[in-house]
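The values are calculated or read from the model by the stated rules, or taken from the named source; none is laboratory data. All values reported here derive from a predicted model rather than from experimental measurement. Note that each Cβ is placed from the backbone with ideal geometry, even for glycine, and that neighbours are counted across all protein chains shown. Heavy atoms of the whole protein, side chains included, go into the accessibility calculation; ligands, DNA and RNA do not. Shrake-Rupley method; radii C 1.70, N 1.55, O 1.52, S 1.80 Å.
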Amino acid sequence: MPISLYNSLTRHTELFAPSDPARVTMYLCGPTVYNYVHIGNARGPVVFDVLARLLRRHYPHVVYARNITDVEDKINAAALKEGVPITTITDRYTQAYRDDMAGLGIAPPDIEPHATAHIGEIIAMIETLITSGHAYAAEGHVLFDVESYAAYGALSGRDTEELIAGARVEIAPYKKNPADFVLWKPSTPELAGWESPWGRGRPGWHIECSAMCAAQLGETIDIHAGGVDLLFPHHENEIAQSTCAHGGKVFARWWMHNGMLTFDGRKMSKSLGNVLLVHELLKLHPPEALRLLLLRGHYRQPLDWSDNAIAQAISTLDGWYRVLRDLEDVELPSGKLPVPARMESALCDDLNTPQALAELSQLADHARQIGTADAKAALIGGGALLGLLQQSPELWFKRGESTIDEAHVEDLLLQRRDARAERNFARADAIRDELTRLGIVIEDNAQGTRWSVVKS
RNA sequence: GGCCUGGUGGCAGAGUGGUCAUGCAGCGGCCUGCAAAGCCGCGUACGCCGGUUCGAUUCCGACCUAGGCCUCCA
């Protein structure tokens with residue numbers, strides 16, 4: 001089944017064809033590790049995790065890189081504030097990031113390149129840019145000369161002239177042109193820095209992605225992804241640097257951008273302060289519901305985060321896991337899980353996860369109604385395409401490590417069973433009310449009584 | 001001001017030139033000691049105004065409105 005993907009560069013959905021089907025390359029701009037990430041930061045990783053899974057079913061060898069930017073001024077600021085080396089900060093938050101991503105069911109990327117491990121490549125790329133007339137050194141800085149690259153602005157639909165005319169950035173005196181951006185900047189002794197032909201310094205913001213892409217994936221990659229807020233200037237600058245450093249070679253063939261997560265209708269962002277940390281959310285809610293919520297909207301649209309939306313996602317998963325719990329004794333057919341065609345086709349259509357979720361609901365209905373091994377396998381197999389429904393129903397309904405005293409619950413259920421047997425329904429209902437107070441919901445059926453922890 | 005997206009039923013959110021999205025919630029019925037779950041059924045949704053069309057939520061134009069980028073940002 002062919003895959004179509006929207007390409008921000010052409011502004012059209014195009015049939016995806018890698019330049020080398022034997023090695024598909026994809027790069028996602030990862031975090032700058034100076035703090036915990038918020039749930040908006042997790043949208044791209046979740047969405048492109050689904051894309052990576054899709055690509056892996058179509059191509060034998062996919063190389064997916066998601067970088068760690070571990071040198072940046074905010075890291076320096078955090079390190080100075082705590083009075084520790086930057087690696088203390090970057091190590092801490094790199095690990096926190098990995099934990100957060102794993103919590104959301106995101107498979108680790110094939111490669112996790114670190115900016116500080118590519119300083120040599122960064123310096124070499126800057127030297128190439130200077131030699132080829134695309135960059136210049138001034139006062140310990142090296143700047144990219146925007147006028148040297150005619151196609152500058154092509155990705156973001158910007159006009160270089162206007163950028164120059166309307167530049168709101170403070171114009172540093174050493175810039176030839178206000179729109180020029182920094183490739184290398186000097187470090188004072190207390191700041192992290194590396195020796196370079198321009199003195200001791202550190203890389204500018206955009207160059208590390210260009211260097212890591214080239215070093216890890218090659219000069220031309222198939223897919224470059226990130227949040228739409230990175231489109232300008234970050235990705236525009238990456239294109240300029242990489243294209244000029246590689247003699248005009250295409251840098252990334254597909255550019256993919258996820259929409260912003262909003263909260264109260266506004267973009268969730270650190271500068272606005274309206275953020276919810278993944279680290280915290282994972283403790284408050286079932287992680288799978290957070291993942292489902294991030295996939296409920298199309299990746300290019302804005303998606304609004306709310307407690308109500310979390311509750312809806314939990315209810316939806318409750319329904320699906322109920323089906324699986326009812327089919328617990330049905331043995332899955334041996335071998336690999338099936339790939340439901342309708343879900344696959346929804347994802348092949350520019351990653352239409354809402355459509356895929358609608359299909360998953362159909363699969364759940366079907367499994368509930370006919371209860372066969374194949375139907376159960378289709379439901380779990382369909383969930384796997386999105387990274388959902390992969391845990392046991394017990395685990396889902398127990399809501400992870402809960403504080404519920406299971407022995408006490410079982411005891412109350414026995415008492416209620418006896419009360420019902422004596423047709424003492426007042427007593428039975430009182431026990432049920434007691435369980436409700438404990439956060440337990442129960443269901444009577446032919447086999448007995450089943451309980452689950454109420455949604456949180 | 002420039003560039004770019006959106007405005008769909010109570011909420012979330014796909015999609016389509018003319019029969020169904022889907023999920024959550026709600027209502028009625030069956031089932032149940034009562035619930036829960038399940039099953040059956042229900043609600044005249046497509047910002048506003050024009051235009052094209054036999055027919056527009058879907059195409060075109062204007063308008064209103066929300067948001068994103070233009071500065072760090074996923």
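Restricting attention to the range A:281-315, the residues that are in contact (Cβ under 8 Å) with a residue 40 or more places away in the chain and within 24 Å of A:Leu395 (Cβ to Cβ) add up to 16.
Applying the set (1) open to solvent by 60 Å² or more (accessible area, probe 1.4 Å); (2) out of contact with any helix residue (DSSP H, G or I) (no Cβ under 7 Å at 6 or more places or on another chain); (3) more than 12 Å from RNA strand B (Cβ to nearest atom); (4) not small (Gly, Ala, Ser) to A:Ile370 leaves exactly one unmet item: (3). Looking across the range A:84-126 at every residue that is touching a Phe, Trp or Tyr at 6+ places or on another chain (Cβ under 9 Å) and charged (D, E, K, R), the one that is most open to solvent (accessible area, probe 1.4 Å) is identified as A:Asp110. Any chance the range A:7-15 includes a residue that's of a type in the set (Asp, Glu) and either assigned to a helix (DSSP H, G or I) or open to solvent by less than 30 Å² (accessible area, probe 1.4 Å) (or both)? No, because not a single residue in the range A:7-15 is of a type in the set (Asp, Glu) and either assigned to a helix (DSSP H, G or I) or open to solvent by less than 30 Å² (accessible area, probe 1.4 Å) (or both). One residue stands out in the range A:396-411 among those that are of a type outside the set (D, E, K, R) and away from RNA strand B (no atom under 13 Å from the Cβ): the one that is surrounded by the most Cβ atoms within 10 Å (Cβ to Cβ), namely A:Trp396. Within the span defined as the range A:342-359, every residue fails to be surrounded by fewer than 15 Cβ atoms within 10 Å (Cβ to Cβ) and either closer than 22 Å to A:Glu443 by Cα or away from RNA strand B (no atom under 15 Å from the Cβ) (or both). Of the residues in the range A:154-175, none is under 26 Å from the mean Cα position of the chain (by Cα), under 15 Å from A:Pro203 (Cα atoms) and of a type in the set (A, V, I, L, M). Inspect all residues belonging to the range A:280-291 and state whether any of them is within 14 Å of RNA strand B (Cβ to nearest atom) and open to solvent by 20 Å² or more (accessible area, probe 1.4 Å). For the range A:280-291, residues within 14 Å of RNA strand B (Cβ to nearest atom) and open to solvent by 20 Å² or more (accessible area, probe 1.4 Å): present. Residues of the range A:414-449 that are within 29 Å of A:Leu327 (Cα to Cα) and part of a loop (DSSP other than H, G, I, E, B): A:Leu438, A:Gly439, A:Ala446, A:Gln447.
Residues in the range A:262-293 that are among the aliphatic types (A, V, I, L, M) and over 13 Å from A:Val37 (Cα atoms): A:Leu272, A:Leu284, A:Ala289, A:Leu290, A:Leu292, A:Leu293. Of the listed requirements (1) closer than 25 Å to A:Ala96 by Cβ; (2) more than 8 Å from RNA strand B (Cβ to nearest atom); (3) buried (at least 21 other Cβ atoms within 10 Å of the Cβ), A:Asn258 misses just one: (2). Of the residues examined, A:Arg253 is one that is more than 9 Å from RNA strand B (Cβ to nearest atom) and open to solvent by 50 Å² or more (accessible area, probe 1.4 Å).
Being in contact with a Lys or Arg (Cβ under 8 Å, 6 or more places away or on another chain) and open to solvent by 50 Å² or more (accessible area, probe 1.4 Å) is the filter here, so list the residues in the range A:330-339 that pass it. Please lay out each step first, then the result.
We begin by selecting, within the range A:330-339, every residue in contact with a Lys or Arg (Cβ under 8 Å, 6 or more places away or on another chain); these are A:330, A:332, A:339.
Result: A:Leu332, A:Val339.
Taking each residue of the range A:15-38 that is without any contact (Cβ under 8 Å) to a residue 40 or more places away in the chain and looking for partners that are away from RNA strand B (no atom under 16 Å from the Cβ) and of a type in the set (Phe, Trp, Tyr) with beta-carbon atoms closer than 7 Å, six or more apart or interchain, yields A:Pro21/A:Tyr59.
Among the residues making up the range A:419-440, those that are within 14 Å of RNA strand B (Cβ to nearest atom) and open to solvent by 70 Å² or more (accessible area, probe 1.4 Å) are A:Arg420, A:Ala421, A:Glu422, A:Arg423, A:Phe425, A:Ala426, A:Arg427, A:Arg432, A:Asp433, A:Thr436. Note on the range A:56-75: among residues that are surrounded by fewer than 21 Cβ atoms within 10 Å (Cβ to Cβ) and out of contact with any Asp or Glu (no Cβ under 8 Å at 6 or more places or on another chain), the one that is farthest from A:Gly193 (Cα to Cα) is A:His58.
Taking first residues from the range A:368-384 that are over 21 Å from A:Gln355 (Cα atoms) and part of a helix (DSSP H, G or I) and partners that are open to solvent by less than 60 Å² (accessible area, probe 1.4 Å) and of a type in the set (A, V, I, L, M), the Cβ contacts under 7 Å between residues at least 6 apart in sequence or on separate chains come to A:Ala373/A:Val330.
Have a look at A:Leu327, A:Leu294 and point out the one that is in contact with a Lys or Arg (Cβ under 9 Å, 6 or more places away or on another chain), open to solvent by 10 Å² or more (accessible area, probe 1.4 Å), aliphatic (A, V, I, L, M) and within 14 Å of RNA strand B (Cβ to nearest atom).
Within the list A:Leu327, A:Leu294, the selection yields A:Leu327.
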